[in-house]
Amino acid sequence: MPEPILSLKSVTKHFGGVTALENISFDVAENEVVGLMGPNGAGKTTLLNIIAGAFPPDSGMIHFKSMDITRHPAHKSCRLGIGRTYQIPQPFISLSVRDNLRVAAVFGQHRWMKRIPDFDIILEMTGLYDRKDQLAGELPILSLKKLELARALACNPELVLLDEIAAGLTDSEIPKVLETISDIRAMGITIIIVEHIMKVMMKAVDRILVLDKGATLCSGTADEVVNDCRVVEAYFGT
C-alpha cells in the first residue's frame, strides 16, 4: 500500500484555555479529495492553518510526503508543495491578476527544483483569463475568491487546501466550482476542502472528516456522513 501524501497523528492545538483541536489523526492518499465539515468553531480552519504551517500544533506530528513538517513555517511548507486559499481573499491589490500569480509562483518555488506553472491554464481554469491585466484591488468579491484559488495553484502545489471557495456563489455557479475541482484533481493534485455547501461535498469529495468542538466526530463517504445522527445533532442540536 503506498504511503499517504499527508499524515496527521494526534494533532492538538490550544489557544489559551480553549482547545481548538484535540488528538486529530488521519491520512490522505495521493490525488484523493477529502472534505472537512463541522459547525462553526469546530476547528476546520485551524486544522488547515496547522497543515499549511501558519502555526505549529502544541503536540502531535504532521508528515507530508514522508517528511516531518510539524514545525515547518508556512513558506517552507509551501515550497515543499502545499498551497492554500483563505476564506477572506488576501491579494496584492496594487498588482494585476497575472502579477499576483507571478508572486505566488516565486514564493512557492524551491530554487532550481520547480518549474514555473502555465499561468494561462490557471487563469482559464479559474475563469480569470479575461481579467488577467486588471488590478486585483478592482475585482469584485467573487473574482477575488477565484484569484485566491489561482494563486494557490500558481505555487505549483501537490496538495492544495481549499477553505470555502464556494461560499457566496449561486446555485448556477456551483457546477463551475465542481468542474474546477475536477480539473485540479486531473492535474494530479491532492485536495482537502472545507465547505458548508453540501452540493459541493456530495459531488466533489471521496470522503468527509467531520469535526466538532475540535475533535473528530466521524468520517466516511458523503452519504454515510449526512445520514449519521451525530452529525445532525452537531449541526442542529438534539
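For the peptides 6-13, 217-224, residues were scored by their other Cβ atoms within 10 Å and the scores averaged per peptide; the highest-first order is 6-13, 217-224. With one equal scatterer per alpha carbon and no solvent term, the Debye-computed log10 I(q)/I(0) for region 89-186 at 0.17, 0.18, 0.21 1/Å reads -0.72, -0.81, -1.09. Per residue, the Cα convex hull of the chain amounts to 131 Å³.
Quick check on packing: order 194-203, 174-183 by the mean number of other C-beta atoms within 10 Å, highest mean leading. Write out the running numbers ahead of the final one.
On the way: 194-203: 17.9, 174-183: 16.1.
Highest to lowest by the protection proxy: 194-203, 174-183.
Note that region 119-238 shows a convex hull volume over its alpha carbon atoms of 128 Å³ per residue. When a 1.4 Å probe is rolled over the protein heavy atoms, the share of accessible surface on the chain that falls to carbon and sulfur comes to 54 percent.
Cα-based radius of gyration for region 1-111, normalised by 2.2 N^0.38 Å, reads 1.16.
The lysines whose alpha-carbon is closer than 25 Å to the alpha-carbon of Lys203, local same-chain residues fewer than 8 away aside, are Lys44, Lys145, Lys146, Lys176. Look at the alpha carbon pairs under 8 Å that are at least 6 residues apart: their mean separation over the length of the chain gives a relative contact order of 26 percent.
Where Rh is the Kirkwood radius over the Cα pairs of region 171-238, the temperature 4 °C and the viscosity 1.567 mPa s, what D in µm²/s does Stokes-Einstein return?
D, rounded to a whole number, is 99 µm²/s.
The values are calculated or read from the model by the stated rules, or taken from the named source; none is laboratory data. Since this is a predicted model, take the numbers as computed values, not measurements. Cβ atoms come from the backbone with ideal geometry, glycine included; neighbour counts cover every protein chain shown. Keep in mind that these areas ignore ligands, DNA and RNA; they rest on the heavy atoms of the full protein, side chains included. Shrake-Rupley method; radii C 1.70, N 1.55, O 1.52, S 1.80 Å.
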